[in-house]
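The values are calculated or read from the model by the stated rules, or taken from the named source; none is laboratory data. Note that the structure is predicted; figures quoted are calculated from it, not measured. Methodologically, a virtual Cβ is constructed for each residue, glycine included, from the backbone with ideal geometry; neighbour enumeration extends over all protein chains shown. Accessible surface is based on the protein model in full, side chains and every heavy atom, while ligands, DNA and RNA are left aside. Shrake-Rupley method; radii C 1.70, N 1.55, O 1.52, S 1.80 Å.
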Amino acid sequence: MAKPAERMRMMRQRRRAKGMRELRLVVADARSRAVRRRVAKQVSGLDPDRERESLQWIESVSEFDSDATR
C-alpha cells in the first residue's frame, strides 16, 4: 500500500483530472465561548437599517429568490 502522502497526491491528481481541487478553510470555532462573545459584540455594533438595506439588495440580485427559478 502507498504511503499516506502518496495516496493524498494520487487523490488530488484524480480530482484535478475531474476539474476539482482541494480547498481548505479555517474558521472560528463557534463552540468556543470567547468566539461567541466576540461575534455577539460585533453583531451588536451593526446598524439594523444598513443590514436590512444590504439584505434587500442581496435578495434583489439573487437568482435563487426569483420566481423564474421556481
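Residue under question is Arg70, and the condition is that it be open to solvent by 80 Å² or more (accessible area, probe 1.4 Å), modelled with pLDDT of 95 or more and not polar (S, T, N, Q); does it hold? For Arg70, the condition - open to solvent by 80 Å² or more (accessible area, probe 1.4 Å), modelled with pLDDT of 95 or more and not polar (S, T, N, Q) - is not met. For the criterion of being modelled with pLDDT of 95 or more and open to solvent by less than 80 Å² (accessible area, probe 1.4 Å), Ser54 passes. Can you tell me which residue among Arg21, Arg33, Arg15 is in contact with a Lys or Arg (Cβ under 8 Å, 6 or more places away or on another chain) and open to solvent by 100 Å² or more (accessible area, probe 1.4 Å)? Within the list Arg21, Arg33, Arg15, the selection yields Arg21.
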